[in-house]
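The next block holds one structure in the form of structure tokens; read it before the comments.
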């Protein structure tokens, strides 16, 4: 007769979900399917862990954002932020909806061109544009956003060498109440540096100023920041028109809209704290009322949205490897995905749900990854029901940055798949193998 494994009895405080001054503890439902496809079917086909993207959600989020701004402004352009998730399949979904490309490196320029995006539909940001990459992009018509005076001089040099007069924008940084300043990017507005750069472009005569760009920051939960940003960009555009007679073709409000994730320092859950696209659009439209342009010459509003479009469409299926009882009484669950693949767990409390029916009372639980590293915590304390080895959990809102910032460390990177609105599924990226890791390696001949 096999004796059951002894487990030391503990007294654990359980929260039953009754109302209190902090609202109700959320009820938990299992995530057994993703867009109608069983989680177990996906794992059987592609393995665990597994990133899964919902095409339906990707398209719905894009259309919601576009419609919210188009309702309030006559000309709207969304430039998909490649750094957020540059898998070809994800990019092609957004491009099929009409998105341009927003890139921040030569690599991402190559990615966008490979996806069939015309150079004239690429906004090129970032502080690291070499002369070599400007030689490839400016003559082709890529819209380069000038970040600093050294880059301005390089762009003029390339333009003169090729005998061209390319359209460029300048990136501006500014103060906005409630948002930490991102002063390392672009030209500072309040100090007059931005207007000095504009004067320099106009006086040089080698570049054509076509737009202004500002990216306030990331995961901005206060829509009024975009009112301030839009108003300041509009007033700067007015001064450019008055001083130089230039009518700009676009004002780029950047990105930074929050997804429905929950920051670790955030009190309310994402569905309660995150503003709708309509609220962001209303705030921006109010700021743009300061623009003094003829109606027929109204500049296009450009949005470089990434996280808010893709985060909610991403899921990560993981398998339970072990259970542990921690010294403080919490349950520790070891799963087969770590912070090397769920990189955003460093700053989010990701929503996580069991992928099968469950029973019992939830208790404080910590989810650990498989890495031999003490920092490998993919979800800190959350109320969760008991799990058995081999059962699945699903981490939600994981679509942004994880498949661009992940790394091959200790374990292989998993497969990534897309689920279509009609229930089909296919690979976006196959699971990593040994040859993918050792392929670029070389061994010196003397070893």
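The values are calculated or read from the model by the stated rules, or taken from the named source; none is laboratory data. Predicted, not measured: the structure shown is a model, and the values here were computed from it. Here the Cβ positions follow ideal geometry from the backbone for every residue, glycine too, while neighbour counts run over all protein chains shown.
Points to keep in mind about this one:
For (1) surrounded by fewer than 22 Cβ atoms within 10 Å (Cβ to Cβ); (2) outside the structural domain of residue 426 (by TED's automatic domain parsing); (3) out of contact with any strand residue (DSSP E or B) (no Cβ under 9 Å at 6 or more places or on another chain), each residue gets a yes or a no:
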| position | (1), (2), (3) |
| --- | --- |
| 81 | no, yes, no |
| 97 | yes, yes, no |
| 111 | yes, yes, no |
| 121 | yes, yes, no |
| 130 | yes, yes, yes |
| 133 | yes, yes, no |
| 171 | no, yes, no |
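- Candidate set from the stretch 349-371 (those that are closer than 16 Å to residue 317 by Cβ and in a strand (DSSP E or B)); member that is nearest to the chain's Cα centre (by Cα): 352
- Taking the listed residues 283, 258, the one that is in contact (Cβ under 8 Å) with a residue 40 or more places away in the chain, in contact with a strand residue (DSSP E or B) (Cβ under 9 Å, 6 or more places away or on another chain), buried (at least 18 other Cβ atoms within 10 Å of the Cβ) and in the same structural domain as residue 202 (by TED's automatic domain parsing) is 258, with no other qualifying.
- Subset of the stretch 120-137 (residues that are more than 15 Å from residue 169 (Cα to Cα) and either assigned to a helix (DSSP H, G or I) or more than 24 Å from the chain's Cα centre (by Cα) (or both)): 130, 131, 132, 133, 135, 136
- Residue in the stretch 173-194 that is surrounded by the most Cβ atoms within 10 Å (Cβ to Cβ), counting only those that are in a strand (DSSP E or B) and touching a helix residue (DSSP H, G or I) at 6+ places or on another chain (Cβ under 6 Å): 187
- Condition met for residue 252 (farther than 19 Å from residue 399 by Cβ and surrounded by 21 or more Cβ atoms within 10 Å (Cβ to Cβ)): yes
- Residue among 90, 117 that is touching a residue at least 12 places away in the same chain (Cβ under 8 Å), in a loop (DSSP other than H, G, I, E, B) and touching a strand residue (DSSP E or B) at 6+ places or on another chain (Cβ under 8 Å): 117
- Residue check, residue 207 crowded, with 16+ Cβ neighbours inside 10 Å, in contact (Cβ under 8 Å) with a residue 24 or more places away in the chain and more than 14 Å from residue 131 (Cα to Cα): yes
- Given (1) under 15 Å from residue 81 (Cα atoms); (2) surrounded by 17 or more Cβ atoms within 10 Å (Cβ to Cβ), number of the condition residue 159 does not satisfy: (1)
Let's see how each residue does on (1) out of contact with any helix residue (DSSP H, G or I) (no Cβ under 8 Å at 6 or more places or on another chain); (2) in a loop (DSSP other than H, G, I, E, B); (3) modelled with pLDDT under 95:
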{"site": "1", "(1), (2), (3)": "yes, yes, yes"}
{"site": "4", "(1), (2), (3)": "yes, yes, yes"}
{"site": "7", "(1), (2), (3)": "yes, yes, yes"}
{"site": "12", "(1), (2), (3)": "yes, yes, yes"}
{"site": "16", "(1), (2), (3)": "yes, yes, yes"}
{"site": "72", "(1), (2), (3)": "no, yes, no"}
{"site": "83", "(1), (2), (3)": "no, no, no"}
{"site": "95", "(1), (2), (3)": "yes, no, no"}
{"site": "107", "(1), (2), (3)": "yes, no, no"}
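- Among the residues of the stretch 138-169, just one is closer than 18 Å to residue 203 by Cβ, within 28 Å of the chain's Cα centre (by Cα) and assigned to a loop (DSSP other than H, G, I, E, B), namely 148.
- Test for residue 239: is it more than 24 Å from residue 186 (Cβ to Cβ), outside any loop (DSSP other than H, G, I, E, B) and modelled with pLDDT of 95 or more: no
- Of the set (1) in contact with a strand residue (DSSP E or B) (Cβ under 6 Å, 6 or more places away or on another chain); (2) outside the structural domain of residue 121 (by TED's automatic domain parsing); (3) surrounded by fewer than 21 Cβ atoms within 10 Å (Cβ to Cβ), all apply to residue 300 but (2).
- Annotation: of all residues in the stretch 261-275 being within 16 Å of the chain's Cα centre (by Cα) and more than 22 Å from residue 287 (Cβ to Cβ), the one that is surrounded by the most Cβ atoms within 10 Å (Cβ to Cβ) is 261.
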